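Following: one structure in structure tokens, then a few remarks.
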Amino acid sequence: MIVIMRSNATADHIEAVLERLQEYELKGHLIHGEERTIVGVVGAAIPPTLQEELEVFDGVQETLRITRPYKLTGREFHPHDTIVDVCGIKVGGNACVVIAGPCAVESEAQIIETARAVREYGATMLRGGAFKPRSSPYTFRGLGELGLQLLAQARAETGLPIVTEVITPTDVELVARYADVLQIGARNMQNYQLLEEVGRTGKPVLLKRGLSATFEEWLLSAEYVVAQGNPNVILCERGIRTFETATRNTLDLNAVALAKRRSHLPVIVDPSHGTGKWYLVQPLALAALAAGADGIIIEVHPDPDRARSDGNQSLTPENFARMMPPLRAIAAAMGRSLVA
Ligand code: PEP
Ligand code: MN
């Protein structure tokens with residue numbers, strides 16, 4: 001960060017800035033120009049609030065951040081792609097992953113049938129919520145531990161690793177006993193205790209972007225997980241709230257291409273929540289890979305009309321199967337493949 005002093009700043013004004021830096025164990029390097037002095041701030045940990053603090057100091061004209069605040073998840077200090085290993089499947093490598101399954105685990109028959117179908121059509125992991133964060137408390141909130149047991153059964157039958165959401169810090173230990181990937185939902189992206197708790201497990205974490213989270217807030221949330229010594233974070237863009245109401249959310253593919261540029265973490269896209277409509281899932285899934293995503297996560301239900309959550313955006317197994325050949329073609333056009 002640099003602090004640009006006003007041309008009429010006094011020695012005392014500069015001293016006050018340096019003193020504040022010292023309080024944070026940071027150093028200030030002075031550059032005396034013809035017109036004004038610039039203070040270069042150096043140190044391992046520049047508090048995110050420092051910029052705002054210094055901006056109101058007497059004699060300060062402007063502050064500019066020159067390194068990004070997400071040190072561990074940014075590419076600046078870590079130029080190479082991180083590859084997250086999920087039971088031998090590489091997320092973030094040359095091959096793209098396809099995670100598929102129902103929004104929620106509803107019954108043994110439903111999850112086993114879905115798992116078998118998506119596996120047959122080429123999915124690489126199975127998704128399904130056992131703990132559902134629902135906007136209304138009067139809707140289906142998941143089967144809880146029974147849901148986790150059914151997911152484990154589906155994994156045993158199909159070999160597909162399981163991705164499932166954990167919604168509260170006290171459930172992390174339980175969910176981590178079953179899950180291969182711990183999903184942090186959009187509504188919990190800024191639940192910092194939860195982020196630290198999943199960080200401590202060391203397990204792969206799929207971190208969804210919050211409904212109204214900026215790009216930077218999303219990466220800073222990933223920072224919480226990585227700061228616990230867990231580098232296995234998969235970023236997931238799932239659509240954000242905008243003025244547009246024609247679709248459930250606005251899938252921000254800008255953020256996908258930007259995340260690939262600014263961060264070394266793998267990035268996947270959820271076009272199911274991103275659009276809210278099953279017939280928009282395929283086009284946006286294709287667009288996601290074209291934008292550089294390392295994979296997609298798709299809701300698939302054997303009978304979407306009777307799904308207990310998110311039926312409108314769920315593909316039938318047949319529609320899922322139809323999406324796979326064009327998805328392979330886009331991956332190939334990008335010089336990539338799908339995980340076999
Ligand atoms: C889900 O994956 O079913 C889900 C609840 O997603 P999100 O957190 O993105 O809304
Ligand atoms: Mn859902």
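The values are calculated or read from the model by the stated rules, or taken from the named source; none is laboratory data. As the structure is a prediction and not an experimental result, all values here were calculated from the model. All Cβ positions, even for glycine, are placed from backbone atoms using ideal geometry, and neighbour counts span all protein chains on display. The protein model used for the area step is the full one, side chains on, heavy atoms only, and it has no ligands, DNA or RNA in it. Shrake-Rupley method; radii C 1.70, N 1.55, O 1.52, S 1.80 Å.
Some values worked out for this structure:
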| read-out | value |
| --- | --- |
| For the chain, accessible area per residue (1.4 Å probe, heavy atoms of protein chains only), Å² | 45 Å² |
| DSSP bridge pairs, the chain: antiparallel proportion in percent, nearest 5 | 40 percent |
| Violating pairs (Cα-Cα greater than 30 angstrom) within the set Lys71/Lys132; Lys27/Lys208; Lys27/Lys203; Lys27/Lys90; Lys27/Lys71 | Lys71/Lys132; Lys27/Lys208; Lys27/Lys203; Lys27/Lys90 |
| Coil-residue chymotrypsin sites (Phe, Trp or Tyr not before Pro) of the stretch 196-287, DSSP, other Cβ within 10 Å capped at 10 | Phe243 |
| Per DSSP, loop chymotrypsin sites (Phe, Trp or Tyr not before Pro) in the stretch 95-152 with at most 15 further Cβ within 10 Å | Tyr138, Phe140 |
| Net lengthening on full extension, His29/Val56 (0.36 nm per residue, minus Cα-Cα) | 7.8 nm |
| Kirkwood Rh and Cα Rg combined as Rg/Rh, the stretch 2-64 | 0.92 |
| Extension reserve of the Thr168-Thr250 stretch, reckoned as 0.36 nm per residue once the Cα distance is removed | 26.9 nm |
| The chain, relative contact order in percent, only Cα pairs under 8 angstrom and at least six apart counted | 16 percent |
| Sites Phe77 and Ile112, calculated FRET efficiency, Cβ-Cβ separation with R0 41 Å, nearest 0.05 | 0.35 |
| The chain - percent of accessible surface contributed by carbon and sulfur, probe 1.4 Å | 50 percent |
| Gain on full stretching of the segment that runs from His13 to Glu157 - 0.36 nm per residue minus C-alpha separation | 44.9 nm |
| Local electrostatic count, Ala288, Cβ distance below 10 Å [Lys/Arg +1, Asp/Glu -1] | -3 |
| Neighbour-limited loop hits for chymotrypsin sites (Phe, Trp or Tyr not before Pro), the stretch 1-94 (at most 12 other Cβ within 10 Å; DSSP other than H, G, I, E, B) | Phe77 |
| Rg/Rg_globular for the chain, with Rg_globular taken as 2.2 N^0.38 Å and Rg from C-alpha atoms | 1.13 |
| Long-range amide H partners of Leu206 with built H, under 5 Å | Leu182, Gln183, Ile184, Ile234 |
| Estimated 222 nm signal from helices in the chain, with DSSP H stretches of n ≥ 4 weighted -39500 (n - 2.57), rounded to 500 | -10500 deg cm²/dmol |
